[in-house]
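Trainee: Dropping the structure in here first, questions after.
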Amino acid sequence: MNYSKKDIIIRDIKKLINEGRYQEGDKILSENQLANKYGVSRQTVRKALSEMITEGYLYAMHGSGTFVATRKNHKRHTKNIAVVSTYMSDYIFPRVIQGINQVLDENGYSILLKTTNNSRKGEAWCMEELLSKNIDGMIIEPSQSAISCQHQVLYDQMDAMGIPYVFIQGCYEAMMDRPFVMLDDVEGGKLITEHLIGLGHKNIAGIFKADDTQGILRHKGYIKALQAAGIAYNPDLVIWYHTKDKTMKPMEGLIRILESGLSCHAVVCYNDEIAADVIKGLQNIGRSVPHDISVTGFDNSLLAHSKGITTIAHPQEELGKVAATTLLGLIDGTLPRKEAHIMLEPKVIERKSCF
């Protein structure tokens with residue numbers, strides 16, 4: 001993301017305010033100090049400070065300097081809702097957006113869309129920008145949600161400003177008390193593994209994402225299904241990968257399992273994208289799906305339809321509708337925050353990738 005010098009000054013001062021390092025009434029650096037720090041003219045500094053004064057972050061006292069203003073609770077009712085996603089791909093998020101938009105449009109709201117590329121730093125940048133805009137609430141898909149959130153102060157800031165928000169798809173462990181709408185990933189992992197067990201498979205490999213809570217929870221469901229069937233959990237049959245490794249590590253791990261001599265005739269994959277890659281990789285090494293190895297996905301995406309992948313149905317549009325309805329309930333006060341914890345039920349979709 002490219003920022004002008006003025007925007008960098010604004011971003012950095014807002015960050016200090018949002019993180020609590022500048023408190024209400026604190027005096028910030030002088031125009032000269034800021035000009036020297038950022039290597040810009042005083043005119044550029046004045047433009048940045050003027051913009052922040054207009055937005056209500058700062059106030060100026062003639063002859064004394066510029067100070068952090070008191071942030072009042074958000075009560076503007078602008079009819080703008082921010083939606084922050086990890087990606088804006090054609091995987092499942094367009095259908096989620098469709099559901100969100102339908103409910104918001106029916107209620108006279110507009111959407112501001114932002115993407116983080118599943119980066120926690122990107123999520124913090126998006127939130128910092130959105131906190132300076134006129135929004136009534138936020139629907140957010142957390143980035144790398146299995147890793148400790150380093151910008152929880154921004155969520156605390158939204159609480160302090162009275163801006164409701166709802167997590168979708170996942171939630172940071174330390175913020176499970178905040179509103180969320182998610183698919184029951186534990187149950188989904190359990191159901192898809194039980195499906196393979198029901199087909200007679202016992203040595204079932206698992207490929208799971210380590211940096212998102214969905215991967216952790218789907219792995220938990222995988223373990224539950226094995227335990228319920230009296231099958232010993234074998235960590236050597238489990239492959240973990242991070243977002244940055246998704247194009248290589250899952251298939252490399254599966255090849256190692258197959259070459260090690262371990263018996264493996266079925267694979268539970270984190271999602272349909274991984275399942276499609278695994279099917280292609282197996283075919284490239286001369287293995288037939290499903291006759292040699294059964295493969296399952298998760299999400300019931302267009303990939304699962306086109307590739308004939310047995311998967312877990314993801315209620316994409318419904319999830320979007322429920323998230324938007326939940327947020328509107330928080331905004332108008334009809335839904336208590338403690339009741340805004342919603343789990344949607346998964347189900348198995350059978351196709352030709354299992355035998």
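Trainee: Given the options V186, V40, V96, which has the most mean-square fluctuation in a GNM of the chain, springs set between C-alpha atoms less than 10 angstrom apart?
Mentor: The residue with the greatest mean-square fluctuation here is V40.
Trainee: For the chain, modelled as a Gaussian network with Cα springs under 10 Å, which listed residue fluctuates most, S288, S143, S85?
Mentor: Checking each option, the largest mean-square fluctuation is seen for S288.
Trainee: Given H placed on each backbone N at 1.01 Å, which residues far from I312 in sequence or on other chains put an amide H within less than 5 Å of it?
Mentor: G297, F298, D299, N300, I349
Trainee: Exceeding 19 Å between C-alpha atoms, which entries from my cross-link table qualify? They are K321/K352; K79/K114; K14/K47. The partial results should precede the final answer.
Mentor: Working: K321/K352 31 Å; K79/K114 17 Å; K14/K47 15 Å.
In this structure, K321/K352 lie more than 19 Å apart at Cα.
Trainee: Now, a different point. Along the charge dipole of the chain, which of G308, I8, A205 sits closest to the positive end, that is, farthest toward it, with unit charges on the beta carbon of Lys, Arg, Asp and Glu (+1, +1, -1, -1)?
Mentor: I8
Trainee: Around A228, what is the net charge, scoring Lys/Arg as +1 and Asp/Glu as -1 over all other residues with Cβ under 15 Å from its Cβ?
Mentor: My count for the surroundings of A228 gives +2.
Trainee: Also, quick follow-up: Net charge within 9 Å of Y165 by Cβ-Cβ distance, Lys/Arg positive one each and Asp/Glu negative one each, not counting Y165 itself?
Mentor: 0
Trainee: Distance from the Cα centre of region 94-154 to that of region 226-299, in angstrom?
Mentor: First find each Cα centre; the distance between them is then 32 Å.
Trainee: To the nearest 500 deg cm²/dmol, what mean residue ellipticity at 222 nm is calculated for the chain from DSSP H runs of n ≥ 4 alone, each contributing -39,500 (n - 2.57), summed and divided by the residues?
Mentor: Rounded to the nearest 500, the figure is -13000 deg cm²/dmol.
Trainee: Here's something else I'd like to know. How big is the dipole moment of region 1-93 about its Cα centre under a simple scheme where the beta carbon of each Lys and Arg is +1, that of each Asp and Glu is -1, and everything else is neutral? Debye, nearest 20, please.
Mentor: Using Cβ point charges on Lys, Arg, Asp and Glu, region 1-93 gives about 220 debye.
Trainee: Run the numbers for L113 and D12: contour at 0.36 nm per residue of separation, minus the present Cα-Cα distance, in nm.
Mentor: 34.1 nm
Trainee: Spelling out what I want: for every residue of region 111-119, take phi, set θ = phi - 60°, compute 6.51 cos²θ - 1.76 cosθ + 1.60 (Karplus), and round to whole Hz; glycine and proline get x.
Mentor: Working through the residues one at a time gives 10, 10, 9, 9, 10, 10, 6, 6, 10 Hz.
Trainee: Further question: Would you work out if region 211-281 is rounded, prolate or oblate? Take a ≥ b ≥ c from the square roots of the eigenvalues of the alpha-carbon gyration tensor; rounded if a/c is under 1.5, else prolate when a/b is larger than b/c, oblate otherwise.
Mentor: Taking the square roots of the gyration eigenvalues as a ≥ b ≥ c, region 211-281 is oblate.
Trainee: Here's something else I'd like to know. Give me the extension gain from S41 to M88: residue separation times 0.36 nm, minus the current Cα-Cα distance, reported in nm with one decimal.
Mentor: Net length gain for the segment: 13.1 nm.
Trainee: Of K121/K244; K121/K347; K37/K244, which ones are farther than 25 Å apart at the Cα?
Mentor: Over 25 Å apart, Cα to Cα: K121/K347; K37/K244.
Trainee: Using a simple charge model, +1 on the beta-carbon of Lys and Arg, -1 on the beta-carbon of Asp and Glu, nothing else, what dipole does the chain show about its Cα centre, in debye to the nearest 20? Present the calculation step by step, with values, prior to reporting the outcome.
Mentor: Numbers: 41 positive and 41 negative charges, 180 e Å.
Dipole of the chain, to the nearest 20 debye: 860 debye.
Trainee: Could you calculate the FRET efficiency of L344 with S50 from 1/(1 + (r/R0)^6), where r is the beta carbon distance between them and R0 is 51 Å, rounded to 0.05?
Mentor: Once the sixth-power term is evaluated, E becomes 0.65.
Trainee: OK, next. If you count, for each residue, the other Cβ atoms within 10 Å and average over each peptide, how do 125-133, 187-195 line up from highest to lowest?
Mentor: 187-195, 125-133
Trainee: Could you put R218, R42 in order, starting from the residue whose Cβ has the fewest other Cβ atoms within 10 Å? Intermediate values should be presented prior to the final figure.
Mentor: Working: R218 30, R42 13.
Neighbour counts put them in this order, fewest first: R42, R218.
Trainee: Contact order normalised by length for the chain, with contacts defined as Cα pairs under 8 Å and 6 or more residues apart; what percent is it?
Mentor: 17 percent
Trainee: A follow-up question, please. Can you tell which of G198, G215, G320 shows the greatest fluctuation in a Gaussian network model of the chain with Cα springs below 10 Å?
Mentor: In this elastic network of the chain, the residue with the biggest mean-square fluctuation among G198, G215, G320 is G198.
Trainee: To continue, here is another question. Scan around I139 for amide H atoms under 5 Å from its own, H built in the peptide plane at 1.01 Å from N, and keep only partners 5 or more places away or cross-chain.
Mentor: A82, V83, V84, V166
Trainee: Loop-only check: which GluC sites (Glu not before Pro) in region 294-354 are DSSP coil with at most 14 other Cβ within 10 angstrom?
Mentor: E350
Trainee: Cα gyration tensor of region 185-314, axes a ≥ b ≥ c as square roots of the eigenvalues: rounded (a/c below 1.5), prolate (a/b > b/c) or oblate?
Mentor: Rounded shape, in that the Cα axes give a/c under 1.5.
Throughout, read-outs are computed from the coordinates displayed, never taken from laboratory work. It should be emphasised that the depicted structure is a prediction, and the values quoted were computed from it without experimental measurement. Here the Cβ is made from the backbone with ideal geometry for all residues, glycine too, and neighbour counts use every protein chain on show.
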